[in-house]
Structure formats: C-alpha cells, structure tokens
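The values are calculated or read from the model by the stated rules, or taken from the named source; none is laboratory data. Everything quoted here is computed from the prediction, not taken from an experiment. Using ideal geometry, Cβ is built from the backbone for each residue, glycine included, and neighbour counts are taken over all protein chains shown. Note: accessible area is taken over every heavy atom of the protein model, side chains too, but ligands, DNA and RNA are not part of it. Shrake-Rupley method; radii C 1.70, N 1.55, O 1.52, S 1.80 Å.
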Amino acid sequence: MRPSIKEILAMKPEEKSRTVSGWVRTRRDSKNVCFFELSDGSCLKNLQVIVDKEKYNPEALLSKLTTGAGVEVDGILVESPGQNQPVELQAAEIRLLGEAPADSYPLQKKRHSFEFLREIAHLRPRTNALGAVTRVRSAASYAVHKFYQERGFFYIHTPIISASDCEGAGEMFQVTTLDLNNIPKEDGKVDYSKDFFGKQASLTVSGQLEAEIYAMSHSNVYTFGPTFRAENSNTARHLAEFWMIEPEMAFCNLDGDMDVAEDFIKYVIKYVLENCAEDMDLFNKFIEKGIVESLRSVVDSDFHRVTYTEAVRELEKNTGSFEFKPSWGADLQSEHEKFLTEKVFGGPVIVTDYPKEIKAFYMKMNDDGKTVRAMDVLVPRLGEIIGGSQREDSLDRLTARLEEMNLDKKDYWWYLDLRRYGSVPHAGFGLGFERLIQYLTGMQNIRDVIPFPRTVHSAEF
Ligand code: 4AD
Ligand code: MG
C-alpha cells in the first residue's frame, strides 16, 4: 500500500520521486505556480502540492484540478517554506482520476451548515468537521473494545432481531414478512403464527437481556452493536438507530457498576485525547470552545454520585428555572439533567436509586420497596449518556415485578430461568455511543456523529 498523506506529512524531504493520491480540497494560483491541497481522509491536514505552470503545462488538465477532483501526483517531497506544513510535494506528473465539475459539485464553500450537509450525507465525510468526527468515532470504537478486552470481558454478539422488549417501553420496530395488504387474522387479531418466525418479532432495543445470559456463564461480557427505537422524539439527542455498548458483570453490585462506567468513560476520553489530538483541536477551536480542557479535567476528577431523591431536592430549590416542575416520582427531564451537571455539580453526575415506576422491570428493588438500584450517568451539554442498574436476581421478586407491570411471564421464561438456576448478583449498563461522540466532540446534533442517521421521517441511503 502507498503511504497515506498522514504518513507522508511525517516524512523528511527526500530525493526520489513518489506517488501520492487524494482529492483536491482547495486550490490557489499565482502567475507561475498553482498550489493545491490534497486530502485522502487519513488526517485533518492536507498535503500541499506545487505545480510549476511553466515546467508542467497541460492547461486543459490544470483547469480540471478543482475542489473535489480525485488525482494522482508523482513528485518530489521537499521542505516547505510555508508555516503550515513541514513538507510539500513538487509535482512532476499529474493524472486526473475523476473530475468534480465546479458548476455542480456541492462542496464549494469553506464552511457549509450542518443542516445542509445532512442532505448530502454521501459527500459530507469529505468536509473537515465530519471527516474529524469519522476519525474520532473510529478511534473511540477501538478504545471501547480495548477497554473491555484488557479487562478480560468477552464480546458477545447479541441478536438484532429479537422477540423480547427489553425496556418494556413498546418502542419497537416490527420485523415481518407478512403481506401488509393482506394480513392473516385470527379472532380479529394478527395471526403471527403465519409470520416468518411464527411469532411477533422486532429489531432489538437493547442487547442486555441476552448479555445477562452470557454473564451467567462467562462472568464479564459486553455487547457493542446497533439498537433500534421507534421513539417519536425529534431531538438533537435521539436516533431511531443508534449504537450501544452494554457490559454485564456477574458478582457485581451497583457500586461496582458505577465504578466500571466511570473508568470506561474516562478511558475512552483519554484515548481520544491522546490519539486524535489534531481532530480534537478542530472541535476545540470551531465547535465547542474549551472542550479539550474540560474533558481533561473530567479524566482527572471523580464523578459526583447522588441519589435521585437528593437530586430532586436540589432541583426543587430552583423550580423557577424549569419548564417542567421537578417532583419526586417524575422522570428527570433533560433540562433537569443539564441543570444538575452544569449548574449544581459542574461535571458528570451519577444519579442512583430512581423510583421503580419510572424504570424498567429488571432492576433490583431496594429495601424501601419504592426505589430500584438504577444509575444514570449524566454529563454537561447532553444529560443522560448511560443508563444501568443492578439486576433483580430473586425469582420471586422478578416474577412479581413482571406481573405488576402487566408483562407476560411466558415471554420471559428463559430470563426467569437465569434466576432459577445459579442466580447471582449482577449489574450492567448501556452507553449510547453517539451521545458519547457528541460529548467528546461537542457536536450539537446527534445526526452529525453517525454516518447515516435514521430519525422520524428520515432514512436516506
Ligand atoms: O437507558 P437505556 O434505555 O438503557 C438500556 O437500554 C439498558 N438496557 C442498558 C443496560 O442496562 N444494559 O439506554 C441506554 C443509553 C442511554 O443512556 C442513551 O445514552 C442511549 O442509550 N440512548 C439513545 N441514544 C440515541 N438515541 C436514542 N433514541 C437513545 N435511547 C437511548
Ligand atoms: Mg435511560
């Protein structure tokens, strides 16, 4: 393989000719010289290519070296007199691989709005900001695996098509091969026995329940995969298809769960700061001023930990600041979460022990009978980024919870079996990967940190 532009920019000037490929990002001309910047996506910086118009003069070709064109250049790497780069390429031979006519190629301006770029998701990774997001996202994915693999967790591929609703929120996309124009019915109801799986099936909202199965054989496991939610939430933090990392640990309680969550977030931040410095500098300058410093301080300090009851008490002191009045028993709104992290604690906060009514059936009941061993990690700018809990490990209490919540025990027979045979304390959580990328980059809209966003009324490609 040819060295990437990232590698070339780290090289010393050399005598021999080499070939470089990429896309033209910008171009400027003086009387005798044409300068163009070449990018191949390997890093934020471009390689400057210098063309001596007199020595190298096929005019027809030079006029086609416009923004977006794909080219291959043979030349000599020389020391650059400019401030911006140590080396530049003195072109000897240029081959146009694919032109990008200036009158129709959409990426002409230096800065386009993110809204505009969303409409051309097939071209937006060629911009500086989205290019940087792409590299940070890749580095963060690697850091996720590295964190768990270094700690002996096993990566479990949980199913994408699932027959159970983990969160019990009824926000699932159905998967069916039934003819929607001619649905088979029995007593007025859809006859799913005629469907592909012989029962109702959906896209998974979470790999947790299946991860629990493997935690009960392999102790420490994690999933990292796509999850789907038919939530009708048109916000800058919700997607219909998002990626989630879900560790599940046997012989672990809520404190252990919080420790892993905190270590995990800090690890990924640190990895990205160390390995994506140039891209982080772009976010620091143009997207969220001061983000690098604030992430650094997150790595160096402890997350605050408060109970839901304490958090609500804090919020009640400031009722005037909110659209939704905080009150014990109601779920925290995102304005409340932001207030806690930004105004009260000035950093990430873990809120624990929520009322059972606002949390899922599988969370372990506290002795008060009112709250559950839940924890949400909240961060400035975004609010919730992790949701987790210690799981209910008692068969009786879990059965009672399913009944209380009108969930059909038959659908969860295997989940109940885990409490019947060798049940041990265990805990886990889910980190929304796109929210983490928003947190790391300061990008305001979740649609801009995933290559192909799916949201209400929007799925192109
Ligand atoms: O809090 P949630 O719903 O928790 C679960 O799914 C648990 N089963 C996790 C577990 O314990 N294994 O979702 C976890 C995280 C949220 O904190 C949020 O970061 C993200 O997933 N998330 C979304 N991200 C983008 N778009 C959405 N619609 C999201 N819904 C949840
Ligand atoms: Mg949640």
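Residues in the range 118-125: is at least one touching a Gly at 6+ places or on another chain (Cβ under 9 Å), crowded, with 17+ Cβ neighbours inside 10 Å and under 21 Å from residue 7 (Cβ atoms)? Looking for residues that are touching a Gly at 6+ places or on another chain (Cβ under 9 Å), crowded, with 17+ Cβ neighbours inside 10 Å and under 21 Å from residue 7 (Cβ atoms), one finds none in the range 118-125, hence no. I'd like the residue in the range 342-353 that is in contact with a Lys or Arg (Cβ under 8 Å, 6 or more places away or on another chain) and not in a strand (DSSP E or B) and, out of all such residues, is surrounded by the most Cβ atoms within 10 Å (Cβ to Cβ). By that ranking, first place goes to 353. With the structure loaded, tell me whether residue 331 is out of contact with any Gly (no Cβ under 9 Å at 6 or more places or on another chain), more than 12 Å from ligand 1 (Cβ to nearest atom) and either open to solvent by 10 Å² or more (accessible area, probe 1.4 Å) or in a strand (DSSP E or B) (or both) or whether it fails that test. Considered against the rule, which asks whether it is out of contact with any Gly (no Cβ under 9 Å at 6 or more places or on another chain), more than 12 Å from ligand 1 (Cβ to nearest atom) and either open to solvent by 10 Å² or more (accessible area, probe 1.4 Å) or in a strand (DSSP E or B) (or both), residue 331 comes out as no. Evaluating residue 359 against the criteria (1) more than 28 Å from the chain's Cα centre (by Cα); (2) open to solvent by 20 Å² or more (accessible area, probe 1.4 Å); (3) within 16 Å of ligand 2 (Cβ to nearest atom); (4) within 23 Å of residue 249 (Cβ to Cβ) leaves one unmet condition, (1).
Taking every residue in the range 381-392 that is within 16 Å of residue 304 (Cα to Cα) and pairing it with any residue that is more than 10 Å from ligand 2 (Cβ to nearest atom) and assigned to a loop (DSSP other than H, G, I, E, B), at least 6 positions away or on another chain, yields no pair with a Cβ-Cβ distance below 6 Å. When residue 165 is tested against the conditions (1) outside the structural domain of residue 411 (by TED's automatic domain parsing); (2) in a loop (DSSP other than H, G, I, E, B), the lone failure is (1).
Residues in the range 385-409 that are within 14 Å of ligand 2 (Cβ to nearest atom) and touching a helix residue (DSSP H, G or I) at 6+ places or on another chain (Cβ under 6 Å): 385, 386, 388.
Filtered by the rule that a residue be at pLDDT below 95 and within 16 Å of ligand 1 (Cβ to nearest atom), the range 164-197 gives 164, 165, 166, 167, 168, 169, 170, 171, 172. Exactly one residue out of 265, 287 is open to solvent by less than 30 Å² (accessible area, probe 1.4 Å), in the same structural domain as residue 377 (by TED's automatic domain parsing) and either within 16 Å of ligand 1 (Cβ to nearest atom) or among the β-branched types (Val, Ile, Thr) (or both): that is 265. I'd like the full set of residues that are open to solvent by 10 Å² or more (accessible area, probe 1.4 Å) and more than 15 Å from ligand 2 (Cβ to nearest atom), limited to the range 422-438. Residues satisfying the conditions are 422, 423, 424, 425. Any residue that is more than 16 Å from ligand 2 (Cβ to nearest atom), β-branched (Val, Ile, Thr) and crowded, with 22+ Cβ neighbours inside 10 Å - is there at least one of those in the range 445-458? Yes: one or more hits.
Being away from ligand 1 (no atom under 13 Å from the Cβ) and among the aliphatic types (A, V, I, L, M) is true for just one of 436, 398. Which residue is that?
Values: 436 fails: away from ligand 1 (no atom under 13 Å from the Cβ).
None of the others qualify; the one that does is 398.
Once the range 235-252 is narrowed to residues that are closer than 15 Å to residue 448 by Cβ and near ligand 1 (Cβ under 7 Å from one of its atoms), the residue that is least open to solvent (accessible area, probe 1.4 Å) is 239. Taken over the range 220-234, the criterion of being within 14 Å of ligand 2 (Cβ to nearest atom) and surrounded by fewer than 23 Cβ atoms within 10 Å (Cβ to Cβ) is satisfied by 229, 231, 233.
Number of residues in the range 143-173 that are of a type in the set (Phe, Trp, Tyr) and open to solvent by 60 Å² or more (accessible area, probe 1.4 Å) equals 3. Identify the residue in the range 410-421 that is of a type in the set (A, V, I, L, M, F, W, C) and touching a residue at least 40 places away in the same chain (Cβ under 8 Å) and, among all such residues, is nearest to ligand 2 (Cβ to nearest atom). Only one residue tops the list, namely 418. Filtering the range 362-384 down to residues that are open to solvent by 10 Å² or more (accessible area, probe 1.4 Å) and acidic (Asp, Glu), which residue is nearest to ligand 2 (Cβ to nearest atom)? Ranking the candidates gives 384 first.
Taking residue 212 as the residue in question, decide whether it is assigned to a helix (DSSP H, G or I), at negative phi and within 9 Å of ligand 1 (Cβ to nearest atom). Spelling it out, residue 212 is indeed assigned to a helix (DSSP H, G or I), at negative phi and within 9 Å of ligand 1 (Cβ to nearest atom).
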